[in-house]
Amino acid sequence: MIPSNPYILLVEDYVVFRDQLAYFLRGRGCLVNGVDSGEEMDAVFKKRVPDILVLDLNLPGEDGLSIAKRVRARSPSTGIVMLTARVTSPEKIEGYQSGADIYITKPARPEEIFLAISNLASRLMQHRPAQGAHWVLISKECKLAAPDQVEIDLTMNEYLVVEALILAPEGRATSDFLQEKLGKTNQNFTKNQLEALISRLRKKLSIVTDGKPTIKAVWGLGYQLTINCQIK
């Protein structure tokens, strides 16, 4: 059985196959959306980031390799299953280098794709932050309320970091993504500035958590929020 009803986005331009696969996955407890291009995928990402991306390599316009690289940089914790008719080793290596977690050669049965998704979803679940009492990010007041209702004032940059981590899948975001978000209000926001900001934010929150970590560094990726938090 697949864990926790993962949200799956299918990027496949062959409509018949996409619809058949979506129907099959929904029948096994998955939440599924389907699009036919990288452009449509971007529009979906703005509304909700998928847990797993099932991505055809040969697409009109931007190809699957380019899309996989963008998704991996933007959302490192999203699982990527790549579908392709290409079967040579160099092409598979290129797929994995682009960020694919699993590489499936077409034609593939829906059962095979489902099992790959199920196994990948199980692995991803192991790295999700521990669930606990809810923190609340208060948008209008630029504050973070702890479970005991203690409210912590945030600077705008601190608010933007917490917001980005809450919205990111599994609370993870790359350093590049956070720098880009902060750069909208402060051009050329550097990695050193980000590290200093994260350090100050950790110290500010540690007063409420008795020193327990709230944001951890993820080697080779960026940062992960370890508290259960929602936006109000």
Checked the range 26-62 for anything more than 16 Å from the chain's Cα centre (by Cα), closer than 17 Å to Pro107 by Cα and not in a loop (DSSP other than H, G, I, E, B); matches are Asp56
Per the list (1) at pLDDT 80 or above; (2) in a loop (DSSP other than H, G, I, E, B); (3) exposed (fewer than 13 other Cβ atoms within 10 Å of the Cβ), residue check on Glu112 breaks on (2)
Determine whether the range 214-228 contains at least one residue that is touching a His at 6+ places or on another chain (Cβ under 8 Å), surrounded by 16 or more Cβ atoms within 10 Å (Cβ to Cβ) and either among the hydrophobic types (A, V, I, L, M, F, W, C) or modelled with pLDDT of 80 or more (or both). no
Given (1) closer than 23 Å to Thr84 by Cα; (2) modelled with pLDDT under 90, Val16 misses just (2)
Would you be able to say whether some residue in the range 146-157 is part of a helix (DSSP H, G or I) and at pLDDT 80 or above? yes
Filtering the range 15-27 down to residues that are touching a residue at least 12 places away in the same chain (Cβ under 8 Å) and loosely packed, with under 15 Cβ neighbours inside 10 Å yields Val15, Asp19, Gln20
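The values are calculated or read from the model by the stated rules, or taken from the named source; none is laboratory data. Since the model is a prediction, treat every value here as computed from it, not as a measurement. Neighbour counts run over all protein chains shown; Cβ positions are idealised from the backbone, glycine included.
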